[in-house]
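S.K.: One structure coming up, written as structure tokens, with questions to follow.
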Amino acid sequence: MRGDVLALWVGLALCLALAYAGEDAKESRVSRGHRAQVREVRGTGPDERGRREGEDAAMADEPVEAAEGEKAKAKKKKTPEEIEAARAKKAAEKEAKAKKQKAPKPTKKPKPPKPTKKPKAPKPTKKPKAPKPTKKPKAKTTGATEEGVRPDTRRPTLEEEEERLLIELGWDRLIPPVTPKGPGREEPVEPDLVDVSKKPSAPTKTEHDADYWDARHEVPGGYPVKKEVTTTEVIMYIPEETTTTPFIGPWYEEYDYGDLAAKKLEEEAERARKEKAEKAERLRKKWEEEEEERLKQMSVHVEPKKCPPLGLESHRVEDDQLLASSQSHHGYSAQRGRLNMQSSGDEEDVYGGGWCAEPEEKNHWFEVDARREVEFTGLITQGRNSDQHEDFVSSYFVAFSNDSRDWTTLHDGYAEWLFYGNVDKDTPVMAQFDMPVVARYIRILPQSWNGSLCLRAEILACQLPNSYRSENEVNTSDDLDFRHHNYKEMRQMMKVINEECPNITRIYNVGKSSQGLKMYAMEISDNPGEHETGEPEFRYTAGLHGNEALGRELLLLLMQFLCKEYNDDNPRVRRLVDGVRIHLVPSLNPDAYELAYEMGSEMGNWALGHWTEEGYDIFQNFPDLNSILWGAEDRGWVPRIVPNHHIPLPENVLNGSIATETKAIISWMERNPFVLGANLQGGEKVVAYPFDMQRPPTSVTDALRRGRRPSVEHEMNEETWARIQRQNEGALRETADDTMFRWLAMSYAHSHLTMTETYRGSCHTDDITGGQGIINRASWKPVVGSMNDFSYLHTNCFELSIFLGCDKFPHESELPLEWENNRESLLSFIEQVHRGIKGLVRDVEGNPLPNATISVEGIRHDVKTAAGGDYWRLLNPGEYRVTAKADGHTPQTRLCMVGYDSGATSCSFTLAKSNWDRIKQIMALSPKRPIRLVPKTSGVSATKATSVGAGGTAGETPTNSNSQNTERMRRLRLMRLRRLRLQRLRANLTTTPAPTTTTTTTTTAAPTTKPETESTTSWYDSWFPVDSWSTESPFKGVIFESVPTQDYPFEYKIDDY
């Protein structure tokens, strides 16, 4: 059996040898030589028994025996039975060890070796004689393998078994080996083509293809372990051309995968650690770069960019540009979320003091649409305007967007930037961004709040350089100083204007404030410093409230404009300067302005700087002359006892609660004969005309006239009058010159570029002007003791209040626009001073008559002439009967025509003297009350009558009869007065039964008038010359001449009744 197998193997080998006989002999020799070289490096010899014993020694981790022992073993041959037994034993040991090993893990496919050049075929030579099979080359061992090298435990293949068999039989040199061709395999090279004189070495990476990998040379730890190998010197024929080709081993090997799996795990862990370290390093470098960039930006922008307000407070931002997440109710919509928005008197009304969100909502936001991309640099927040509630937002985020859908929350470099808001409801708080943010939409996202979620806001933003301009924007062409000026800068500005135009300007001061600052004024006229006869005087005042800075700057701009245009020969400006004496006072409350200026634009609340240092509101700090006039009218004392103009001030009124600034203004009004004026204010956009105070109902004054003791609620002091005028909306509010005031107000409002654009409503409520831009102050926000009412009743000046805009203290970037809006209105209103009539009042000798009274029929308000006898009476076009009266002169009446042409109509008067000089001498004896020329007691008259009848002459009889007629006329007049009073009493007391009027004699009148003299009268009754509200005529005992007389001042005049 064993012989049959051997014969089969020999036959198969011979067949294969014949098949490959035609191949190149050189290539075969090189392949066999290379195989022998590698086999020698691996420690194999021609003797199979020596190889087996070397493998057993290597597995036992013992060094290899000496070279002499191996030679001895190689000479001893084994029988085929011993070879078969050793082979079976080896296979059994390998199978037992393979079961103990773990399942191998897949490894990477080794790279194939690089292709080598095919050697040239040698020339055919004579076939060398075959050597004797018994003779074998001598081999010398030069070393031994190192300890610890793992033996080859794999199962031999059929090819390896064939090779071993051929070597044992000695046929390896005669028959070329049969190697199967396939991918990754090359033809072996004959060993006789290898230069065996050189020391063989293990194959390296450079000696094989790129995908070749041999695990036999790989040791756990990363690098192969150098070891001493046994080399065998073989004497072979070397051909002429020799090339060394790498050994191509089998395409697969059996490996010990246990160590490889551990190594794989270690490699993966090391790879993960390196990746993690690399990622951390990348993040660190990225953070360092971002931090460096942020610090670089912060170093460049040390101070945040300053931008003007977008226009929420000034209403340049329309209502449709404001949007919110929700609203608590109708009165607190997003349109109410403007900075310094004021609520109405009734907080439950539709006009709330800010935007308030619905409490049930979870996400709250307040959005502003700029309608174009702008640079947002900050915002200002404020709480809700309310007298009962303290509602404000204490913290919030800010987000931006360009399409109102995708929002980006502002980030401070570490997290979302949380801004801190208000700590009270009135003080504005500004939040500035480190860097401008370019966007179109901005949102405020409240995070915490006090009370209800309510806020008012203003956005700070700059227009981009390439941003398009709106068609409605106005650019000024005047080269003026458009900025805010403090006290020193204002004084310097006025000084510069005076030096530029010294021939038409003059600087003086109206007075001093409570802190000692001067209230400077500038006079602009062709002859500054003196009043010219026939030239009217006009005034503009501003700064009554220190935080209303727009009027102040407009007057400074008007000074510059008039000076420059006058020097440039502007005909309109020259006509104004030559024909009107203009007075401009930019600041009547300099102390409060300095406080508001220090806080800056938008940062002062609605009330900061509104009052003086002493706490007075200058506009409402004037004496109340309305109550005096209306009380006198109810008693029928106007105009004979109390005049309807130039009403004198109450006694000691200036020593009471009157501010220092108010006293200076009153004195300034009395020194100059102003005809027309206006005070510039802020917080609204409207022109308000007097009366500013509501007239109380007639029933209250009638109750006082009937002598009833007033109750607590009717105590007639200033507080009571103020409360009464607020409670009675239907009371009289019109002046005698109501039509003229309306025209003056419309002349300014309709010349303004935006004041009549009331479709958006007013600043804080709906439109209150009916689309006209004007309103009666008493029907809007009535006040007591206003500057307008005092000027109308105490002087000749018609004064109005001009509210310039919603923003009291606008940013200086808005000053050019505001100047363009108001420039034409300021000039047009000055020109209205020439509307009406003007003239001179002289006597027959041509001397001017100062303080002469000019009365217009149908208008219950008179004016007086100035010191030069000239006057100006503002009237609308029409025909008027005008009367001039003067003390000691006969009145004169003329018909004056007022046309539509520019310029006032001239209407002068010449008065003749009368006998009033003698009357004045008599009245001088009793200056405090009217004189009774006829004795009051009847006893004196009876004594005179008896004496005359006894011893009188016929010449004395007419005198006695005249006195009797006078007494009879006096009594008839007294009875007529009683009848009139009773009729008025019946008319007023319609709900009470009328008193009995069976008798109207003087005896019944005395007891009824007694308690009236003891009753408490109102605060202004003490300065009337009548002792009590009796039925006795104040003109009792006066002898009236038959000739007509004229009216006279209250202190000395008598009139025919």
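The values are calculated or read from the model by the stated rules, or taken from the named source; none is laboratory data. Computed from a predicted model, the values in this text were never measured in an experiment. Using ideal geometry, Cβ is built from the backbone for each residue, glycine included, and neighbour counts are taken over all protein chains shown. Remember, those area values only see protein heavy atoms, side chains included, never the ligands or the DNA or RNA. Shrake-Rupley method; radii C 1.70, N 1.55, O 1.52, S 1.80 Å.
S.K.: Evaluate the following for V350: is it β-branched (V, I, T) and surrounded by fewer than 19 Cβ atoms within 10 Å (Cβ to Cβ)?
M.R.: Judged against the criteria, V350 is a match.
S.K.: Quick check: anything in segment 669-688 open to solvent by 20 Å² or more (accessible area, probe 1.4 Å) and part of a strand (DSSP E or B)?
M.R.: Start the filter on segment 669-688 by keeping residues that are open to solvent by 20 Å² or more (accessible area, probe 1.4 Å), which leaves 670-673, 685.
From the residues that got through so far, the ones that are part of a strand (DSSP E or B) too are 685.
Yes, the conditions are met somewhere in segment 669-688.
S.K.: In the list V368, V317, which residue meets the criterion of being under 21 Å from N402 (Cα atoms) and in a strand (DSSP E or B)? Show your work before the answer.
M.R.: On the way: V317 fails: in a strand (DSSP E or B).
Exactly one residue qualifies, and that residue is V368.
S.K.: Given R823, R760, which one is out of contact with any Ser or Thr (no Cβ under 9 Å at 6 or more places or on another chain) and among the basic types (K, R)?
M.R.: Working: R823 fails: out of contact with any Ser or Thr (no Cβ under 9 Å at 6 or more places or on another chain).
On inspection, the qualifying residue turns out to be R760.
S.K.: For V423, which of the numbered conditions (1) touching a Ser or Thr at 6+ places or on another chain (Cβ under 8 Å); (2) aliphatic (A, V, I, L, M); (3) farther than 30 Å from H329 by Cβ; (4) open to solvent by 60 Å² or more (accessible area, probe 1.4 Å) fails to hold?
M.R.: Condition not satisfied by V423: (3).
S.K.: Test L654 against the stated conditions and say whether it is in contact (Cβ under 8 Å) with a residue 12 or more places away in the chain and more than 16 Å from S513 (Cα to Cα).
M.R.: Working: in contact (Cβ under 8 Å) with a residue 12 or more places away in the chain: yes; more than 16 Å from S513 (Cα to Cα): no.
The answer is no for L654.
S.K.: Are any residues in segment 566-621 among the aromatic types (F, W, Y) and open to solvent by less than 10 Å² (accessible area, probe 1.4 Å), and if so, which ones?
M.R.: Within segment 566-621, Y593, F619 qualify.
S.K.: Does any residue of segment 776-789 turn out to be modelled with pLDDT under 95 and touching a His at 6+ places or on another chain (Cβ under 8 Å)?
M.R.: No, segment 776-789 contains no residue that is modelled with pLDDT under 95 and touching a His at 6+ places or on another chain (Cβ under 8 Å).
S.K.: Among (1) over 47 Å from the mean Cα position of the chain (by Cα); (2) over 27 Å from F622 (Cβ atoms); (3) surrounded by 22 or more Cβ atoms within 10 Å (Cβ to Cβ), which single condition is G878 missing?
M.R.: Single failed check for G878: (3).
S.K.: Among the residues of segment 395-417, which ones are closer than 14 Å to L379 by Cα and modelled with pLDDT of 95 or more?
M.R.: Matches in segment 395-417: S395, Y396, F397, V398, A399, F400.
S.K.: Looking at F809, F790, F803, can you tell me which residue is outside any strand (DSSP E or B), out of contact with any Ser or Thr (no Cβ under 6 Å at 6 or more places or on another chain) and aromatic (F, W, Y)?
M.R.: On the way: F809 fails: out of contact with any Ser or Thr (no Cβ under 6 Å at 6 or more places or on another chain); F803 fails: outside any strand (DSSP E or B).
The match here is F790.
S.K.: Only one of (1) part of a helix (DSSP H, G or I); (2) closer than 30 Å to S386 by Cβ is not met by S448, so which one is it?
M.R.: Here S448 meets the rest and fails (1).
S.K.: For segment 828-850, name all the residues that are open to solvent by 10 Å² or more (accessible area, probe 1.4 Å) and either part of a helix (DSSP H, G or I) or in contact with a Leu (Cβ under 8 Å, 6 or more places away or on another chain) (or both).
M.R.: S828, E831, Q832, H834, R835, R842, D843, V844, P848, L849
S.K.: Identify, from the list R384, R443, the residue that is basic (K, R), part of a loop (DSSP other than H, G, I, E, B), closer than 17 Å to W355 by Cβ and open to solvent by less than 70 Å² (accessible area, probe 1.4 Å). First the steps, then the outcome.
M.R.: Details: R443 fails: part of a loop (DSSP other than H, G, I, E, B).
It is R384.
S.K.: Okay, next question. Would you kindly identify the helices (runs of 4 or more DSSP H) lying entirely within segment 540-633 that contain at least 1 residues that are touching a residue at least 12 places away in the same chain (Cβ under 8 Å) and within 30 Å of T427 (Cα to Cα)?
M.R.: Fully inside segment 540-633 and qualifying: 550-567, 590-599.
S.K.: Keeping to segment 353-377, report how many residues are more than 18 Å from W449 (Cα to Cα) and touching a Phe, Trp or Tyr at 6+ places or on another chain (Cβ under 6 Å).
M.R.: Looking only at segment 353-377, we keep the residues that are more than 18 Å from W449 (Cα to Cα), and these are 368-377.
Pick out the ones that are also touching a Phe, Trp or Tyr at 6+ places or on another chain (Cβ under 6 Å) and you get 369, 377.
Of the residues in segment 353-377, 2 are more than 18 Å from W449 (Cα to Cα) and touching a Phe, Trp or Tyr at 6+ places or on another chain (Cβ under 6 Å).
S.K.: Considering only residues that are in a loop (DSSP other than H, G, I, E, B) and open to solvent by less than 90 Å² (accessible area, probe 1.4 Å), look in segment 479-495 and name the one that is nearest to E598 (Cα to Cα).
M.R.: Result: N486.
S.K.: From (1) in a loop (DSSP other than H, G, I, E, B); (2) open to solvent by 30 Å² or more (accessible area, probe 1.4 Å); (3) modelled with pLDDT of 90 or more, pick out the condition that doesn't hold for R932.
M.R.: With (1) in a loop (DSSP other than H, G, I, E, B); (2) open to solvent by 30 Å² or more (accessible area, probe 1.4 Å); (3) modelled with pLDDT of 90 or more applied to R932, the lone miss is (3).
S.K.: Go through segment 851-885 and give me each residue that's of a type in the set (D, E, K, R) and either touching a residue at least 60 places away in the same chain (Cβ under 8 Å) or in a loop (DSSP other than H, G, I, E, B) (or both).
M.R.: Within segment 851-885, E857, R860, D862, K864, D870, K885 qualify.
S.K.: Please work out which one of (1) over 30 Å from D369 (Cα atoms); (2) assigned to a helix (DSSP H, G or I); (3) at pLDDT below 90 is the condition L283 fails and give its number.
M.R.: (3)
S.K.: Consider segment 634-653. How many of its residues are in contact with a helix residue (DSSP H, G or I) (Cβ under 6 Å, 6 or more places away or on another chain) and in a helix (DSSP H, G or I)?
M.R.: Going through segment 634-653 one residue at a time, the tally reaches 1.
S.K.: If you don't mind, another one. Of all residues in segment 760-778 being within 34 Å of the chain's Cα centre (by Cα) and in a helix (DSSP H, G or I), which is nearest to R733 (Cα to Cα)?
M.R.: R777
S.K.: Looking only at segment 865-875, decide whether some residue is at negative phi and open to solvent by 60 Å² or more (accessible area, probe 1.4 Å).
M.R.: yes
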